[in-house]
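No lab work stands behind these numbers, since they all come straight from the coordinates. Keep in mind the model is a prediction, meaning the values are calculated, not measured. Quick reminder, even Gly has a Cβ in these numbers, built from the backbone with ideal geometry, and neighbours come from all protein chains shown.
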Amino acid sequence: MTINITNKEADRLTRRLAEIEGVGLTDAVIIAVSEALQRRRGDPMESAERLRAEFGIPSTGEMRKPLPRSVWDEMSGEEPGFSPEEGEAR
């Protein structure tokens, strides 16, 4: 099985990672994709703990409580109580 990198930036980045890691191009791609997947699909609690540590945010019991519906409504930009499935306010 082969992979063909035709994008100059992708080629440059792959070669740079291979150089830094001291590996071939195939292993550089494996490293990059594995690390990207790990960051995206890791355990959410581990990811949250890693981010708290990175940004110096202390872990408290409050963090385990779900956010109220109003917070999700505000983040989504939808009207409070609006249900897209129902197409109208509840």
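Taking 7 Å steps out from each Cα toward its Cβ at Ser47 and Ile31 produces label points 2.4 nm apart. Sequentially through the stretch 56-63, phi angles give Karplus couplings (6.51, -1.76, 1.60; θ = phi - 60°) of x, 9, x, 8, 10, x, 4, 5 Hz, Gly and Pro residues having no value and appearing as x. Computed about its Cα centre, the charge dipole of the stretch 1-57 is approximately 200 debye, with only Lys, Arg, Asp and Glu carrying charge at their Cβ.
Residue ranges 21-33, 62-74 sort as 21-33, 62-74 when ordered by packing (mean number of other C-beta atoms within 10 Å per residue, highest first). Neighbours of Glu35, meaning other residues whose beta-carbon lies under 12 angstrom from its beta-carbon, give a summed charge of +2 when Lys and Arg score +1 and Asp and Glu score -1.
Taking amide H as placed 1.01 Å from N in the peptide plane, the amide H of Ile5 sits under 5 Å from none that are at least 5 places away or on another chain. Global size of the stretch 1-57: 14.8, 45 Å for Rg and Dmax (C-alpha atoms, Rg to one decimal, Dmax whole).
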